[in-house]
Amino acid sequence: MIIPWLAFVVMGLLTCAGFVKIAARLLRYKVSWKSSFLFAVIVLVLVIFDHALAFHHPMTIRIVHAVVLLLVLVILGSWFFSGRGMNRGGTVLGWGGGIRLIALVFAMMAVVAFAIVLPAQVFLTKQLSPPH
């Protein structure tokens, strides 16, 4: 029982920190691995907390929770990296740079998630549907 949870935590931390580093590289920002992993821990804690709060609620409330969580994570991430990241000129990112970084992180996560989920959904639908 503990092994799947540990695998989820490790993969979540690595994925989130990796997306932050890739987004920083694409924007030519400098963000340390320490800051990336610290933000990943914050994200993971908030996601697990939100999931625990909305677990038994109807789907509409869960969707509202997810949208609010995304908004909170964007604001928190832009604040978090505003002083912990450096732009091309070597100055701190500020709120604008932090919001660009976090917006790119979540946009890349959404693209990758849809690139994995949609083909998997199509494949599973074809494989699990009853024969005609």
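The values are calculated or read from the model by the stated rules, or taken from the named source; none is laboratory data. Since we're looking at a predicted model, the values are computed, not measured. All Cβ positions, even for glycine, are placed from backbone atoms using ideal geometry, and neighbour counts span all protein chains on display. The protein model used for the area step is the full one, side chains on, heavy atoms only, and it has no ligands, DNA or RNA in it. Shrake-Rupley method; radii C 1.70, N 1.55, O 1.52, S 1.80 Å.
What accessible area per residue comes out for the chain, rounded to a whole number of Å², with a 1.4 Å probe?
Solvent-accessible surface per residue comes out at 69 Å².
So what is the calculated 222 nm ellipticity per residue for the chain, using -39500 (n - 2.57) for each DSSP H run with n of 4 or more, over all residues, to the nearest 500 deg cm²/dmol?
Helices in the chain give a 222 nm mean residue ellipticity of -28500 deg cm²/dmol.
Let me check against my output: what whole-number percent is the relative contact order of the chain, with C-alpha pairs under 8 Å and at least 6 apart?
Normalised by residue count, the contact order of the chain is 23 percent.
Hand me the chymotrypsin sites (Phe, Trp or Tyr not before Pro) from region 1-64 located in a DSSP loop with no more than 16 other Cβ atoms within 10 Å, in residue order please.
55
Note down the nm distance, to one decimal, between modelled labels 7 Å out along Cα→Cβ at residue 109 and at residue 11.
Calculated label separation equals 1.6 nm.
Let a ≥ b ≥ c be the square roots of the eigenvalues of the Cα gyration tensor of region 39-132; is it rounded (a/c under 1.5), or, if not, prolate (a/b larger than b/c) or oblate?
Since a/c reaches 1.5 but b/c is at least a/b, the shape of region 39-132 is classed as oblate.
Using a basic spin-label model with each label point 7 Å from the Cα along Cα→Cβ, how many nm lie between residue 95 and residue 52?
Once both label points are built, they end up 3.2 nm from each other.
Write out the trypsin sites (Lys or Arg not before Pro) in region 1-98 meeting two conditions: DSSP loop, and at most 10 other Cβ atoms within 10 Å of their Cβ.
Taking region 1-98 and a limit of 10 other Cβ atoms within 10 Å, the loop trypsin sites (Lys or Arg not before Pro) found are 28, 88.
Is region 3-77 best put as rounded, prolate or oblate by its Cα gyration tensor, with a ≥ b ≥ c the root eigenvalues, rounded for a/c under 1.5, and otherwise prolate when a/b is larger than b/c, oblate when not?
Oblate, since a/c reaches 1.5 and b/c is not below a/b.
Could you please state, rounded to a whole Å, how far the C-alpha centre of region 44-73 is from the C-alpha centre of region 75-115?
21 Å
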